[in-house]
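Working notes, beginning with the structure itself.
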Amino acid sequence: MCVEYVNDDDDDDAGNFPCLRAYFHLERRLRAYILTTYLPSFLVVLLSWLSFWIDLESAPARTSLSILTILTITTQSSGLLRSMPAGSFTKAIDVWMATCLVFVFGAFIEYSIVNTLARRQKAKTIRDGSAIAGLLSATAAATLPLQPAASTSAALALGAKPKRVRNTPCSKEKEATKLFAITFSNLNRFSKFFHC
């Protein structure tokens, strides 16, 4: 802060009067926000992505991790709103916290979609397996006594290649993991455009 005593040299009809002029140099202290808000929320988003590497069959672990990260981001955001002055405009930190919440919630939705796809595929495999087993048992009774595992291994021994399944839930989850990482890194790269 700089304060100086000056004379008003304006050429007006009011005259020449002494003035007190003050200059304020304001500077943002970003380190406090980085350490208390940006870094913890970034780590919570990364923590929510750990659910991508947890086994698909362990639903309690993935669900509890997802709900915990959603609650953490929500608590962090509400604590931040209480500590800052009220304003009718959107701040960069509001955009950041909303984006983190969207990514954490997206990881939870991703698991729900992958879990549904896995259950459908499992049910289809069971239906197809029982139909094939029924067909094999009907033909086995008429011709040769082959077991389903024996027929599969016999087909592989004859040089038949096993089918490669491409659109499995695991492949969808790998694609989602890459999509989340690329999108969030691009958001971090272009977040300077959100600052006013």
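The values are calculated or read from the model by the stated rules, or taken from the named source; none is laboratory data. Computed from a prediction, not measured in an experiment: that's the story for all the values here. Note: ideal-geometry Cβ built from the backbone for every residue, glycine included; neighbour counts use all protein chains shown.
Quick look at the values:
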quantity: Subset of the stretch 85-96 (residues that are under 14 Å from residue 38 (Cβ atoms) and not basic (Lys, Arg)); calculated: 92, 93, 94, 95, 96
quantity: Verdict on residue 106 being in contact with a Phe, Trp or Tyr (Cβ under 8 Å, 6 or more places away or on another chain) and either closer than 26 Å to residue 59 by Cα or modelled with pLDDT under 50 (or both); calculated: yes
quantity: Any helices (runs of 4 or more DSSP H) falling wholly within the stretch 15-119 and containing at least 3 residues that are over 27 Å from residue 174 (Cβ atoms); calculated: 30-33, 59-83
quantity: Residues satisfying the stated conditions in the stretch 60-113, i.e. of a type in the set (D, E, K, R) and loosely packed, with under 14 Cβ neighbours inside 10 Å; calculated: 82
